Amino acid sequence: MKSLKVILNGLVTENPTFVLLLGMCPTLGTTSSAINGMSMGLATTFVLICSNVVISLIKNLVPDKVRIPAYVVVIAAFVSVLQMCMEAYVPAIYETLGLFIPLIVVNCIVLGRAEAFAAKNNAWYSALDGVGIGLGFTFALTLLGAIRELLGTGKVFSMTVFSENYGALVFVLAPGAFIALGYLIAIVNKIRKA
Amino acid sequence: MKGDKNMKLESNFKNMVLVLTIISLIAAGVLGAVYTVTEEPIAIAKAEKQQAAIQQVLNGFDRLEDETVNGLLVHKAYQGDAFVGAAVESETNGFGGKIKIMVGFDKEGNIIDYAILQQAETPGLGTKMVDWFKTDKNNQNIKGKNPEKNKLTVTKDGGEVDAITAATISSRAFLAAVNLAYNAYAANSGAPAVNVVSGATQHIATDSVASAVADTVQVPTDSINALNE
């Protein structure tokens, strides 16, 4: 029962993007299309799960005063592993996302969950927390990416919905990211309060 | 919970140095192992991509000869003994980093096709270069054009190619790379070179000026040498 609660916590109650407002930089930067948002979310999910498990396993071995550098080393190692594996086995996805992968190291969601959850819970719950938060992040990024892609270019997942000529280019650019995210957060808050 | 606290290692100097060193060593070991495992697949993937790009930008050839001209790699294509064209790997700096492209020319110097090998442009804007310059719409298409006869710069700069909407810098950089590729091709086949209008960064232009100056300086020294002899 608690397992399900941990997953739902990340997906809904403490959704990293819509509720905690964490990791805004990759959120705004990578969501110019739905597929980019989704890939970034999934890559972050992988790193979150791995780092959460390892950190919860080593939490008692790490002295408090050096825990942040220790966690950062663990997270950075997983990100580099992910980057090399992607470049080797899925070069097509690596090509579109390559630039953003190293940024996962400094994504505050990953370090935030390590500090707030993994350092206090066992490996199983930490893994589930990684799944929940990761999927919540993926969902938010995919949704934001789809909205920006639709309003900006008239496509969703590269499938044309209406002609590109009617798209508002601003939604693909940075200002559109802020506008779309602002309205999404407002809508999510309205639904949560109702 | 209280048990947990007691189990935690004390934050003294020895523990901190020891733990951080061990964690870093393990991480380095893991990275080294993954690097060794993925090194070969990465190299294969890159080589495959290069081969696929050559296949895409050239048609009808049965062997290639690689040559380096002006620092660019030129794959000269032959059908039997007849020269049928060349695929040139060219690079410039774009809006978000290095742009590396492969451009195919037929034996008259017309552009057959191009492929993007590497780029880090803004997703949704500059990244459109992948197919923007081969789409038949207004003056976007550069396929079939000859950089010697057609001025391949963006219309804003007096050229005849439409820039990508909201990505003029990326477009300039891309076209500069195409012109650089043509110059490497032309240097090889004896056709006159074209002026390269640089995109985001000026150092490409200055580079070519520098090499041009070096070329002209070369002539007098040669003649002096001749006189001395």
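Points to keep in mind about this one:
- Complete set of residues in the stretch A:101-155 that are farther than 30 Å from A:N165 by Cβ and among the basic types (K, R): A:R113, A:K120
- Given (1) without any contact (Cβ under 8 Å) to a residue 60 or more places away in the chain; (2) open to solvent by less than 20 Å² (accessible area, probe 1.4 Å); (3) under 30 Å from B:E10 (Cβ atoms); (4) among the aliphatic types (A, V, I, L, M), number of the condition A:A114 does not satisfy: (1)
- B:A87 in contact with a Lys or Arg (Cβ under 8 Å, 6 or more places away or on another chain) and crowded, with 21+ Cβ neighbours inside 10 Å: no
Listed here are the residues, each with its yes/no results for (1) among the polar types (S, T, N, Q); (2) open to solvent by 20 Å² or more (accessible area, probe 1.4 Å).
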{"position": "B:K98", "(1), (2)": "no, yes"}
{"position": "B:G104", "(1), (2)": "no, no"}
{"position": "B:G109", "(1), (2)": "no, no"}
{"position": "B:Y114", "(1), (2)": "no, no"}
{"position": "B:L117", "(1), (2)": "no, yes"}
{"position": "B:T127", "(1), (2)": "yes, yes"}
{"position": "B:N138", "(1), (2)": "yes, yes"}
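- Selection from the stretch B:5-57 of residues that are charged (D, E, K, R) and open to solvent by 80 Å² or more (accessible area, probe 1.4 Å): B:K5, B:E10, B:K14, B:E39, B:E40, B:K46, B:E48
- Taken as a whole, the structure leaves B:N183 outside the set of residues that are modelled with pLDDT under 75, at negative phi, buried (at least 16 other Cβ atoms within 10 Å of the Cβ) and outside any loop (DSSP other than H, G, I, E, B).
- Hits in the stretch B:23-48 - residues which are facing chain A (nearest Cβ under 7 Å) and under 21 Å from A:P91 (Cα atoms): B:L31, B:V34, B:Y35, B:T38, B:P41, B:I42, B:A45
- Note on the stretch A:145-178: residues that are surrounded by 15 or more Cβ atoms within 10 Å (Cβ to Cβ) and not in a loop (DSSP other than H, G, I, E, B) amount to 16.
- If you check A:L57, A:L61, A:L8, A:L4 for being out of contact with any Pro (no Cβ under 8 Å at 6 or more places or on another chain) and either facing another protein chain (nearest Cβ under 9 Å) or open to solvent by less than 40 Å² (accessible area, probe 1.4 Å) (or both), only one passes: A:L61.
Residue-wise test of (1) more than 9 Å from chain B (Cβ to nearest Cβ); (2) open to solvent by less than 20 Å² (accessible area, probe 1.4 Å); (3) more than 15 Å from the chain's Cα centre (by Cα).
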site: A:V72; (1), (2), (3): yes, no, yes
site: A:L103; (1), (2), (3): yes, no, no
site: A:A118; (1), (2), (3): yes, yes, yes
site: A:D129; (1), (2), (3): yes, yes, no
site: A:L143; (1), (2), (3): yes, no, no
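- Candidate set from the stretch B:1-15 (those that are assigned to a loop (DSSP other than H, G, I, E, B) and facing chain A (nearest Cβ under 7 Å)); member that is modelled with the lowest pLDDT: B:K8
The values are calculated or read from the model by the stated rules, or taken from the named source; none is laboratory data. The shown structure was predicted, so the numbers you read here are calculated from the model rather than taken from an experiment. So basically every Cβ, Gly included, is an ideal-geometry build from the backbone, and we count neighbours across all protein chains shown. SASA here: full protein model, heavy atoms, side chains in, ligands and nucleic acids out. Shrake-Rupley method; radii C 1.70, N 1.55, O 1.52, S 1.80 Å.
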